[in-house]
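Quick note: the coordinates plus some simple rules give every number you see, no bench work behind them. Remember, it's a predicted structure, so these values are computed and weren't measured experimentally. Cβ atoms come from the backbone with ideal geometry, glycine included; neighbour counts cover every protein chain shown.
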2 protein chains.
Amino acid sequence: MHHAVIIGGGFGGMNAARVLGSVPARVTLIDRRNFHLFQPLLYQVASGGLSPGDITAPLRHVLRREKNVSVLLAEVTSIDTVRRTVELDDGSELGYDTLIIAAGARNFYFGNDHWQRAAPGLKSIEDATEVRARILGAFENAERARDAAMRKEWLRFVVVGAGPTGVELAGAIAEISRDTMRGDFRNIKPEESEILLLEGSPRLLPAFPPDLSEKAERSLIRLGVRSRTGVRVTNIDSAGVDLTGPNGPERIVTRTVLWAAGVTMSPLGAMIAKQTGAETDRAGRVRVQSDLSIANHPEILVVGDLALFEQDGKPLPGLCPVAMQQGWHVRPVIEARLASKPAPAFRYHDKGTMATIGRNMAVADLGFVRFGGLLAWLAWLFIHLLYIVGFENRVLIALKWGFQYLTFNRGARLITGEPRKQ
Amino acid sequence: MHHAVIIGGGFGGMNAARVLGSVPARVTLIDRRNFHLFQPLLYQVASGGLSPGDITAPLRHVLRREKNVSVLLAEVTSIDTVRRTVELDDGSELGYDTLIIAAGARNFYFGNDHWQRAAPGLKSIEDATEVRARILGAFENAERARDAAMRKEWLRFVVVGAGPTGVELAGAIAEISRDTMRGDFRNIKPEESEILLLEGSPRLLPAFPPDLSEKAERSLIRLGVRSRTGVRVTNIDSAGVDLTGPNGPERIVTRTVLWAAGVTMSPLGAMIAKQTGAETDRAGRVRVQSDLSIANHPEILVVGDLALFEQDGKPLPGLCPVAMQQGWHVRPVIEARLASKPAPAFRYHDKGTMATIGRNMAVADLGFVRFGGLLAWLAWLFIHLLYIVGFENRVLIALKWGFQYLTFNRGARLITGEPRKQ
């Protein structure tokens, strides 16, 4: 029987496994984690609004009815495209007839991996609980600070990168300090926190149209977030950030820096490119044909963030809907392979992009129409509830958002792990 | 102004801080964590039914309306009962007029601290997520096992200690394997797991009346849990447990051992006993007078697990209701001190004890009546919902239990942290 191996259980891989449930083939989904993660809401875990369990779903449970699909909790250490096998971390090998690589992206510090300690990113559940501990712990350390200068350092938050994640995170920190924590402290006023959003491009949300960038900036200012565009970070350590910008070099003294700036691709991308001669771009994405396969390798498909797919002369962005639609497209491609027919071409149907800034504030670009404010925020809520996996998660998140809206409280404000010292 | 310092934000300390909100005194609550933890439901986090955020409440938020109460996220490193000061981990000192020690208990391995690595306990949120990762990871490793012998080792679970926590944990593992995971795997049958509950005393739930122990044992057998009473664990390592019992020494080969056997007291207990000459018992509890103060030190109160309080000739057990009621009693004692009157005596009002075993199965001992089964289970649900802190937590837990009851699913089945290797 035809054996399809899927590497990665994110939006691309999980959706591929789901649609392959009805194809006469054996399917193995390999992931290092036992759950699918709804990444767009990771910043809400980082800001204490949702729990890790709310935005994850066990992969086995999601795929329990697809009896031809096995889930393997393992890490792929190498791929052999000649023998058509993947090697796992326990040394075992798995043969494939079709390989679907959906291994995704990870945090990238532009070659400065030592920044990671001082400025955690936001790609995994562990990242999110670490960021949560840093944000909440900073207020605690400010409350205990001996002098005003130290208090100020702990109440200054810097978010690097003003894509949707950075904007959402900065907005959430502003809301925590202004609303959620009001009245919780005795020595500090959390609402006096400074929140800085740094961006290398000339404007916030560079992937959005300029008028929405402006709307987002105005909304952030209302929340108390100051943004600095056109600046380049040159160093990050545990006491602050160095940057250069229009006004020359500068240092911002702060105890909390959060990273939402760069992503790089899974090393499996480079491995597969080397073996197959496929082209990669600067970010490490692997160029795929119109059917998502690698040139001269119809048996290897790449989907999601790792795929470099050009449509109408432009590469598709690394967004969830792209990964999802590419995952679905795996089914007709494999059906064509089983029937020895030519594989159909993939086409992305762009339904728009959105980013939320805070309570009643978001921006949405649906292509034919662009808008911001309350309407965009409601659209954002609705879309995210629609795409979260699992009925129970949907109900719980709706309920938690309802509570949060009414009480300004955030229900999951835990500091776990090792605390930071003064 | 009179300054009351409370060490610990568990059931004793948090409730003391709450009731002191209306007393004309300055109050400082010190805890190493920023949240109050509802320990009785920790096993449900460990078994993937609830999230850490559901059973915790930020201490600051709980106490935000008590304007005379400050919360300090810090660790007490020493106490000086002569100068009446406590020293914190950052070297700073805090003077007190009344000191309330509610520092509680921790896991105790009977002097074999190296067992902890192989057999995590269940006292903190980090413990619970570690135990969760071990239980879920064991099924994953079984699914990947190369041979039947290894598969069996991964599907054998040993719980040491058959008090309420051990019984609840063993019951939950049984339900996960029998119901929750049904259909999730392709190579193993989770329902073939072996679950062993080990207890040193001659019967399960030794603190309960013998007929309820028997009821609990029958319920566990129905769930597929085998229990072994009257056995003593002599060693635990990553490959199994050694024990001696009626039939001599024996080794149980298993990859997953969970510890629910012993607790020991916070080292602050021994420190205070040494300085004040107070008596301690074998477990490290500090003997208190009828008003919860230490002999000859009316300004030092001990509440909760750490207090050795005899009532009707027997020491009170280390249970939440005891700690809670002792916490409440701090208010009349301090009011009496402020009025220079004799402090009132504490008396524990025992409303009964209960332990849940699984779906529709619990045992309850209300003193005047003892019962098991569905009624006890409903009573258990009701009482736990009543005492959880926070309206939102109450609603969310009720909803999650509803989902779990109807679908047999458990919503928080995440493996986080470093996975165990085969």
*At most 13 other Cβ atoms within 10 Å and a DSSP loop assignment: could you name the trypsin sites (Lys or Arg not before Pro) in region B:61-103 that fit?*
B:Arg65, B:Lys67, B:Arg83
_Below 20 Å, Cα to Cα, which lysines can A:Lys400 reach? Residues fewer than 8 away in the same chain don't count._
B:Lys400
*Out of all DSSP beta bridges with both ends in the protein assembly as shown, state the antiparallel percent to the nearest 5.*
55
*Between the label point of B:Ala148 and that of the same position in each other copy, find the distances and list them shortest first in nm, with every label point placed 7 Å from Cα along the Cα-to-C-beta direction.*
7.7
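Just to confirm a number: summing +1 for Lys and Arg and -1 for Asp and Glu over residues other than B:Arg218 whose beta-carbon lies under 13 angstrom from that of B:Arg218, what do you get?
Details: positive: B:Arg203, B:Lys215, B:Arg222, B:Arg226; negative: B:Asp211, B:Glu214, B:Glu217.
Taking every other residue near B:Arg218 into account, the sum is +1.
Starting with the highest mean, order A:150-160, B:200-210 by the number of other Cβ atoms within 10 Å, averaged over the residues of each peptide.
Numbers: A:150-160: 21.9, B:200-210: 17.1.
Output ranking for A:150-160, B:200-210: A:150-160, B:200-210.
Across peptide A:49-58, what mean number of C-beta atoms from other chains lies inside 10 Å of a residue's C-beta? Please list the in-between numbers first.
Working: counts 1, 2, 9, 7, 14, 6, 0, 5, 3, 12.
Across the residues of A:49-58, the mean count of other-chain Cβ atoms within 10 Å is 6.
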*Given the options A:Met324, A:Met14, A:Met271, state which has the largest fluctuation in a GNM of chain A using a 10 Å cut-off (strictly under) for Cα springs.*
A:Met271
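Rounded to the nearest 20 debye, what is the charge dipole size of the protein assembly as shown about its Cα centre when +1 sits on each Lys and Arg Cβ and -1 on each Asp and Glu Cβ? Write down the numbers at each step before the final one.
Values: 102 positive and 88 negative charges, 217 e Å.
Roughly 1040 debye for the protein assembly as shown.
Give me the net charge of A:Ser22's neighbourhood, meaning all other residues with Cβ under 12 Å from the Cβ of A:Ser22; Lys, Arg count +1, Asp, Glu -1. Don't jump to the answer; show the numbers that get you there.
On the way: positive: A:Arg18, A:Arg65, A:Lys67, A:Arg331; negative: A:Glu66, A:Glu335.
Result for the neighbourhood of A:Ser22: +2.
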*Among A:Leu258, A:Pro206, A:Val225, which residue has its Cα positioned farthest towards the positive end of the charge dipole of region A:109-261, with +1 placed on the Cβ of Lys and Arg, -1 on the Cβ of Asp and Glu, and the dipole taken about the Cα centre?*
A:Val225
*Just going by the charge dipole of the protein assembly as shown, with Lys and Arg at +1 and Asp and Glu at -1 on Cβ, which of A:Phe157, B:Ala270, B:Leu59 is farthest out on the positive end?*
B:Leu59
*Just list whichever of A:Lys189/B:Lys123; A:Lys123/A:Lys314; A:Lys274/A:Lys314; A:Lys152/B:Lys67; A:Lys123/B:Lys189 have alpha carbons separated by over 27 Å in the model shown.*
A:Lys189/B:Lys123; A:Lys123/B:Lys189
_Let me test this: with uniform point scatterers at the alpha carbons of the protein assembly as shown, what is the Debye-based log₁₀ I(q)/I(0) at q = 0.09, 0.11 1/Å?_
-0.96, -1.35
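I need B:Trp259, A:Trp401, B:Trp380 ordered by Cβ neighbour count within 10 Å, fewest first.
Working: B:Trp259 27, A:Trp401 16, B:Trp380 20.
Exposure proxy ranking, most exposed first: A:Trp401, B:Trp380, B:Trp259.
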*Report the charge-dipole magnitude of region A:109-261 in Debye, nearest 20, computed about the Cα centre from +1 at each Lys and Arg Cβ and -1 at each Asp and Glu Cβ.*
300
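Would you order B:Asp211, B:Asp291, B:Asp54 from fewest to most other beta-carbon atoms within 10 Å of each residue's own beta-carbon?
Working: B:Asp211 12, B:Asp291 18, B:Asp54 28.
Ascending number of Cβ neighbours within 10 Å: B:Asp211, B:Asp291, B:Asp54.
If you count the DSSP beta bridges with both ends in region B:111-261, what percent of them are antiparallel, to the nearest 5? Before the final figure, lay out each step's value.
Numbers: 11 of 25 bridges.
Expressed as a percentage, antiparallel bridges in region B:111-261 total about 45.
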*Kindly give the distances from B:Pro206 to its copy-mates, label point to label point, with each label point 7 Å from Cα along Cα→Cβ, as nm values to one decimal ordered shortest first.*
6.7
_Between A:Leu381, A:Leu223, A:Leu59, where does the largest GNM mean-square fluctuation fall for chain A, given springs only between Cα atoms within less than 10 Å?_
A:Leu381
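Let me know the shape class of region B:35-178, please: from the alpha-carbon gyration tensor, a ≥ b ≥ c as square roots of the eigenvalues, rounded when a/c is under 1.5, otherwise prolate if a/b is greater than b/c, or oblate.
Numbers: a/c = 3.07, a/b = 2.14, b/c = 1.44.
Prolate shape, in that a/c is at least 1.5 and a/b is the bigger ratio.
So what's the net charge close to A:Ser193: Lys and Arg +1, Asp and Glu -1, counting the other residues with Cβ under 14 Å from its Cβ? Don't skip to the end; give the middle numbers.
Details: positive: A:Arg134, A:Arg151, A:Lys152, A:Arg156, A:Arg178, A:Arg182, A:Lys189, A:Arg226, A:Arg255; negative: A:Glu140, A:Glu143, A:Glu153, A:Glu175, A:Asp179, A:Asp184, A:Glu191, A:Glu192, A:Glu194.
Result for the local shell: 0.
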*In whole Hz, what ³J(HN,Hα) sequence does region A:68-84 give by Karplus (6.51, -1.76, 1.60; θ = phi - 60°), x for Gly and Pro?*
8, 9, 9, 10, 10, 7, 7, 10, 7, 9, 7, 10, 10, 7, 7, 7, 6
*With axes computed from alpha carbons, what is the tilt in degrees of helix B:391-407 against the longest principal axis of chain B, rounded to the nearest 10 within 0 to 90?*
10
*State the Cα centre-to-centre distance between region A:251-327 and region A:102-141 in whole Å.*
21
*Could you list log10 I(q)/I(0) for region A:284-363 at q = 0.22 Å⁻¹, which the Debye formula gives when each Cα is one point scatterer?*
-0.99
_chain A: most fluctuating residue of A:Asp350, A:Asp365, A:Asp127 per GNM, C-alpha cutoff 10 Å_ = A:Asp350
_Give me P(r) over chain A, computed from all C-alpha to C-alpha distances, binned every 20 Å, as integer percentages._
26, 55, 19, 1
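Under 25 °C and 0.890 mPa s, how fast does region A:228-269 diffuse according to Stokes-Einstein, given a Kirkwood radius computed over C-alpha pairs? Answer in µm²/s, whole number.
Details: Rh = 11.9 Å.
Translational diffusion coefficient: 206 µm²/s.
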*Which value, in debye to the nearest 20, gives the size of the charge dipole of chain A about its Cα centre, when Lys and Arg are +1 and Asp and Glu are -1 at the Cβ?*
760
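What per residue convex hull volume, in Å³, do the alpha-carbon atoms of region A:109-261 yield? Kindly include the intermediate steps, with their values, before the conclusion.
Numbers: hull volume 16.9 nm³, N = 153.
Measuring per residue, one finds 111 Å³ for the Cα hull of region A:109-261.
Provide the percentage of antiparallel DSSP beta bridges, counting only those with both residues in chain B; round to the nearest 5.
Within chain B, antiparallel bridges account for around 55 percent of the total.
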